[in-house]
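Report on one structure; see the data block that follows.
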Amino acid sequence: MEKFINLKALDITQKEQYNKAVSNAFPKIISESQVIKRNWSKLENYFPEYQQFLISKDNELIGFINALPFQFDSSLNELSDSGWDWMFSKGISDFENMIKPNYLGGLQVIVRSKFQSRGYSKRILNHAKDLFREYKLLNLVIPIRPTEKEKFPRMPMSTYLNLKTDGKVFDPWIRTHITGGAEIIKVCRESMTMTGDISFWESILNRKIIESGKYELDGALELISIDVANNIGHYVEPNIWIKYN
């Protein structure tokens, strides 16, 4: 029988499947996030009970959600425009400063490729909803990363959010959340931010950079802004704040 377990209950093989699934899920630029590098081990150490894994009857990892609680006293419409980076950092800081949380924040939901298109993402999200209720938190909020936005890096997220196909929301990940009962709050325009010198961006883009301008990167949701004269480049990724009641 399939079951959910937390991080502490993973065996060695499941941990290997977990780590590989994370590395395969996103483009290289995401793994370069300083917020991730500073905080991921803290996430797993501080909040093992909020890292939930769906295990198959054959004891194989199907998928998982990484999440953390955080404190926020304003209207959800006022959630930070810094989205994912802000929420991750806030949850870690709140724990370290012993601030009582009132929301559960979802960092990522991943289903391993061999188990995709079977409805497991909705099952994991439903489990996450049970989790925030179990811990008596107000809502589950997630700064989601639309899966097909990478095909439209020049399109503003606010425009992309409203794209339709056959009368339905175009992006499958946005659509999954909406049909699962989520409510869209707003776009967070600076959800993930990465900055580096030209040599850093040359390693990411796998090309020599000789001119300032905007550069496309496979898997990135927006263009990378390069300033050669000042030896710096920026990637600012928008996400979409959603909530589950």
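The values are calculated or read from the model by the stated rules, or taken from the named source; none is laboratory data. Just so we're clear, the structure is a prediction, and the values are computed from it rather than from any experiment. Every residue, glycine as well, gets a Cβ built from its backbone with ideal geometry; the counts of neighbours run over all protein chains shown. Remember, those area values only see protein heavy atoms, side chains included, never the ligands or the DNA or RNA. Shrake-Rupley method; radii C 1.70, N 1.55, O 1.52, S 1.80 Å.
Between 156, 76, 6, whose Cα lies farthest towards the positive end of the dipole of the chain when Lys and Arg beta carbons carry +1 and Asp and Glu beta carbons carry -1, centred on the Cα centre?
6
Suppose each label sits 7 Å from its Cα in the direction of the beta carbon; what would the residue 93-residue 19 distance come out to in nanometres?
3.0
Relative contact order for the chain: what is it in percent, counting Cα pairs under 8 Å that are at least 6 residues apart? Walk me through the numbers on the way to the answer.
Details: 433 pairs, mean separation 48.6, N = 245.
Value for the chain: 20 percent.
What does the C-alpha gyration tensor say about the overall shape of segment 1-68? Classify as rounded when a/c is under 1.5, otherwise prolate if a/b is larger than b/c, or oblate.
Working: a/c = 2.46, a/b = 1.51, b/c = 1.63.
Since a/c reaches 1.5 but b/c is at least a/b, the shape of segment 1-68 is classed as oblate.
Could you work out the relative contact order of segment 114-245, using alpha carbon pairs under 8 angstrom and six or more residues apart, expressed as a whole percent? All intermediate terms of the calculation are to be shown ahead of the outcome.
Working: 203 pairs, mean separation 43.4, N = 132.
Computed value for segment 114-245: 33 percent relative contact order.
Which value, in Å² rounded to 10, gives the accessible area of residue 159 with a 1.4 Å probe and all protein chains present?
That residue has around 70 Å² of solvent-accessible surface.
According to the Kirkwood expression over distinct Cα-Cα pairs, how big is the hydrodynamic radius of the chain, in Å? Kindly include the intermediate steps, with their values, before the conclusion.
On the way: mean 1/r = 0.0529 Å⁻¹.
When all Cα pairs of the chain are included, the Kirkwood radius is 18.9 Å.
Which entries of 15/186; 3/186; 3/28; 42/243 show an alpha-carbon separation above 29 angstrom in the structure shown?
As for pairs spanning more than 29 Å Cα to Cα, those are 15/186; 3/186; 3/28.
Quick query: amide H of residue 10 versus all other amide H atoms, modeled in the peptide plane; which residues come in under 5 Å with a sequence gap of 5 or more or a different chain?
It is none; the list stays empty.
Under a Cβ-only charge scheme (Lys and Arg +1, Asp and Glu -1), can you give me the dipole magnitude of segment 101-245 about the Cα centre, in debye to the nearest 20?
Values: 21 positive and 16 negative charges, 169 e Å.
For segment 101-245, the charge dipole is close to 820 debye.
Percent relative contact order of segment 40-122, based on C-alpha pairs within less than 8 angstrom and at least six residues apart?
Values: 103 pairs, mean separation 28.4, N = 83.
Answer for segment 40-122 is 34 percent.
At q = 0.13, 0.17 Å⁻¹, what is the log10 ratio I(q)/I(0) for segment 115-245, with the Debye formula run over Cα points and no solvent?
-0.66, -0.93
Projected onto the charge dipole of segment 108-242 (+1 at Lys/Arg Cβ, -1 at Asp/Glu Cβ, origin at the Cα centre), which of 213, 200, 180 gives the Cα projection farthest towards the positive end?
Going by the charge dipole, the pick is 180.
With no solvent and one equal point scatterer placed on each C-alpha of segment 163-234, evaluate the Debye formula and give log10 I(q)/I(0) for q = 0.12, 0.27 Å⁻¹, two decimals.
Each listed q corresponds, in turn, to -0.50, -1.25.
Taking the Cα centre of segment 23-177 as origin and charging only Cβ (+1 Lys, Arg; -1 Asp, Glu), how large is the dipole, in debye to the nearest 20?
Values: 22 positive and 17 negative charges, 108 e Å.
Computed about the Cα centre, the dipole is about 520 debye.
Tell me, rounded to the nearest percent, the portion of alpha carbon pairs in segment 81-164 spaced more than 15 Å apart.
Numbers: 2424 of 3486 pairs.
Tail fraction, whole percent: 70.
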